[in-house]
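Visitor: So that we are looking at the same thing, I have put the structure below in structure tokens.
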Amino acid sequence: MKIVSDSNNLVEQILISKPEWFSEVMKNADKHRLQILYTQIDRDENNRPSFTSHHYRTNATDYFYPASTVKMPAAFLALEKLNNLNTEGLNKFTPLRIDSAFSSQSRVTADSTSENGLPSIAHYIKKIFLVSDNDAFNRLFEFLGQQYLNETLWRKGFENTKIIRRLESGMSPEENRATNPFTFYDGETIIYEQPPAKNERIYKIEMRDVRQGKGYIRSGELVEEPIDFSNSNYISIENLQGILKAIIFPEAVPEQQRFNLSEDDYRFLYQYMSMLPRESTYPAYSDTSKYYDSYVKYFLFGDNREPIPNRIKIFNKVGQAYGYLIDCAYIIDFENKVEFLLSAVIQVNENQIYNDNVYEYNEIGIPFLANLGRVIYEYERKRERKHLPDLSKFKWNTD
């Protein structure tokens, strides 16, 4: 692979070097709404990182449906909110109950997948990163509330973001503005109570291409008009990677962008963001035919079900819906001292009908992202760096 490393179009040059992998998608990049953000990381003699980002077709004004990637900032903010509440006995492992106070809301008192049979913020976060559980995200959305979730992210500088609805809930915009009451407790002792809330402000996504396609399926019938995502969610590729970078490298981002997390919070996130489903006991995902290693790891390994080598860890969040595939990842190889940030979105919806479950995920989308991860990884393996990274802070044991 011969690449001009100082090219302003480095990602494009890398893609061109493998036409058998990328040329068809590149020829139809507009149709596929393709965006890629690759960030190189260089260390100094004290292991401090510096970053060089390379963009391919990134544009924060081009709408794409972010699917499950919105779960990542919700997980980080839920931990931060617990810390900001600063209440004795309240932490990510504290058992909780969720009540209902508005139409379509549901209660939660137990969780059979947790070790003690009770729900907690920590357990929801585990399920989000291990298998991208939708209900777990919805519960964090309810804990945070629509207004708090968005305005906190905006204050951190992630302004190209709107997370305004639960996933797969069928709730109306008004119902998504309302969130449930929470009770955190220890045995018979109530530690913290959060009343129900409703966002009186109305958030909508106002972007030029927020209406997409030729039609969509609703209640089993084809509606022959574009689908409207204006009451849905959005987060730009740059904001997604920026949020991930703030967790992986908190010391290297502006103070405004950092999350108020403890050292234990960071260790917890590093473990479960990179853990494979088979490595988890609570919750348990023992059926490897369903929850294979690359179930939520698209880059490098997404197009096969072989075990991921132990030397490679991927700290990421993927999304898949309406023909969109997204991955936002920090990828490291302990043995070869490789590290990089990579984020991408591709849409594979040939018939431009939404919600019909006819998408080219396995034929086009997943292979593209897996190969993208491979070609960037190989470029990184050969890239000269003055100082190799010390990656020891990202090691964890399954004990």
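The values are calculated or read from the model by the stated rules, or taken from the named source; none is laboratory data. These numbers come from a predicted model, not from an experiment. We place every Cβ from the backbone using ideal geometry, glycine too, and count neighbours over all the protein chains shown. Note: areas computed on protein heavy atoms with side chains; ligands, DNA, RNA excluded. Shrake-Rupley method; radii C 1.70, N 1.55, O 1.52, S 1.80 Å.
Visitor: Considering only residues that are part of a helix (DSSP H, G or I) and of a type in the set (Val, Ile, Thr), look in segment 240-291 and name the one that is nearest to Phe158 (Cα to Cα). Steps first, answer last, please.
Guide: In the first step, residues of segment 240-291 are kept if they are part of a helix (DSSP H, G or I); the result is 240-248, 250-252, 255-257, 263-274, 277-279.
Now drop any that are not of a type in the set (Val, Ile, Thr), which leaves 243, 247-248.
Working: Ile243: 8, Ile247: 14, Ile248: 16 Å.
Ranking the candidates gives Ile243 first.
Visitor: Need pairs with beta-carbon distance below 8 Å; first residue over 16 Å from Ile376 (Cβ atoms) and within segment 300-323, second open to solvent by 10 Å² or more (accessible area, probe 1.4 Å) and assigned to a strand (DSSP E or B); sequence gap 6+ or separate chains.
Guide: Tyr322/Ile227
Visitor: Answer with yes or no whether Pro367 is open to solvent by 10 Å² or more (accessible area, probe 1.4 Å) and in contact with a Lys or Arg (Cβ under 9 Å, 6 or more places away or on another chain).
Guide: No.
Visitor: If Phe51 meets every condition in (1) among the aromatic types (Phe, Trp, Tyr); (2) open to solvent by 40 Å² or more (accessible area, probe 1.4 Å); (3) over 22 Å from the mean Cα position of the chain (by Cα) apart from one, which number is that one?
Guide: All conditions pass for Phe51, except number (3).
Visitor: I've got another one for you. Yes or no: segment 137-159 includes at least one residue that is surrounded by 20 or more Cβ atoms within 10 Å (Cβ to Cβ), charged (D, E, K, R), without any contact (Cβ under 8 Å) to a residue 60 or more places away in the chain and more than 15 Å from Ser232 (Cα to Cα).
Guide: yes
Visitor: Among the candidates Pro254, Pro277, Pro283, Pro250, single out the residue that is open to solvent by less than 10 Å² (accessible area, probe 1.4 Å) and more than 21 Å from Ile326 (Cβ to Cβ). Break it down into steps so the answer makes sense when it comes.
Guide: Values: Pro254 fails: open to solvent by less than 10 Å² (accessible area, probe 1.4 Å); Pro277 fails: more than 21 Å from Ile326 (Cβ to Cβ); Pro250 fails: open to solvent by less than 10 Å² (accessible area, probe 1.4 Å).
Only one candidate qualifies: Pro283.
Visitor: If I go through segment 370-399 residue by residue, how many of them are of a type in the set (Phe, Trp, Tyr) and either open to solvent by 40 Å² or more (accessible area, probe 1.4 Å) or over 30 Å from Ala29 (Cα atoms) (or both)?
Guide: Here the count works out to 2.
Visitor: Within the set of pairs 6+ apart or on separate chains, which have a first residue in segment 191-209 that is surrounded by 14 or more Cβ atoms within 10 Å (Cβ to Cβ), a second that is of a type in the set (D, E, K, R) and outside any loop (DSSP other than H, G, I, E, B), and C-beta atoms under 7 Å apart?
Guide: Close Cβ pairs satisfying both conditions: Lys198/Arg177; Asn199/Arg177; Tyr203/Lys162; Ile205/Lys162.
Visitor: Quick one: Glu45 ticks every box in (1) surrounded by 14 or more Cβ atoms within 10 Å (Cβ to Cβ); (2) assigned to a loop (DSSP other than H, G, I, E, B) except a single one, so which number is it?
Guide: Against the list (1) surrounded by 14 or more Cβ atoms within 10 Å (Cβ to Cβ); (2) assigned to a loop (DSSP other than H, G, I, E, B), Glu45 comes up short only on (1).
Visitor: Turning to a different aspect of this structure: Return a yes/no flag: does segment 90-103 have any residue that is surrounded by 19 or more Cβ atoms within 10 Å (Cβ to Cβ), at pLDDT 95 or above, of a type in the set (Asp, Glu) and more than 23 Å from Phe64 (Cβ to Cβ).
Guide: no
Visitor: Considering segment 1-32 alone, what residues qualify as being modelled with pLDDT of 95 or more and among the acidic types (Asp, Glu)?
Guide: Taking segment 1-32 as the starting set, the residues that turn out to be modelled with pLDDT of 95 or more are 10-32.
Glu12, Glu20, Glu24, Asp30, listed by residue number.
Visitor: Which residues, counting only those in segment 218-256, are without any contact (Cβ under 8 Å) to a residue 60 or more places away in the chain and not charged (D, E, K, R)?
Guide: Correct list: Ser219, Gly220, Val223, Pro226, Ser230, Pro250, Val253.
Visitor: Looking only at residues that are of a type in the set (S, T, N, Q) and part of a strand (DSSP E or B) in segment 323-364, which one is surrounded by the most Cβ atoms within 10 Å (Cβ to Cβ)? If you could, list the steps in order and put the result at the bottom.
Guide: First, pick out the residues of segment 323-364 that are of a type in the set (S, T, N, Q): 336, 343, 347, 349, 351-352, 355, 357, 362.
Then keep just the ones that are part of a strand (DSSP E or B); that gives 343, 347.
Working: Ser343: 29, Gln347: 23.
Looking at residues that are of a type in the set (S, T, N, Q) and part of a strand (DSSP E or B), I get Ser343.
Visitor: May I ask you to list the residues in segment 86-104 that are in a strand (DSSP E or B) and farther than 28 Å from Gly170 by Cα?
Guide: Step one: filter segment 86-104 for residues in a strand (DSSP E or B), giving 96-98.
Hits for segment 86-104: nothing passes.
Visitor: From the list Gly187, Gly215, which one is surrounded by fewer than 17 Cβ atoms within 10 Å (Cβ to Cβ) and either within 30 Å of Met275 (Cβ to Cβ) or touching a residue at least 24 places away in the same chain (Cβ under 8 Å) (or both)?
Guide: On the way: Gly215 fails: surrounded by fewer than 17 Cβ atoms within 10 Å (Cβ to Cβ).
Exactly one residue qualifies, and that residue is Gly187.
Visitor: Kindly provide the set of residues from segment 339-361 that are without any contact (Cβ under 8 Å) to a residue 24 or more places away in the chain and not aliphatic (A, V, I, L, M), ordered by number.
Guide: Within segment 339-361, the first condition is being without any contact (Cβ under 8 Å) to a residue 24 or more places away in the chain, and the residues that meet it are 350, 357-358.
The answer is Glu350, Asn357.
Visitor: Contact list please: Cβ distance under 7 Å, first residue in segment 376-387 and at pLDDT 95 or above and part of a helix (DSSP H, G or I), second residue exposed (fewer than 13 other Cβ atoms within 10 Å of the Cβ) and not acidic (Asp, Glu), pairs at least six apart or on different chains.
Guide: Final answer for the pair search is Glu378/Met1; Tyr379/Met1.
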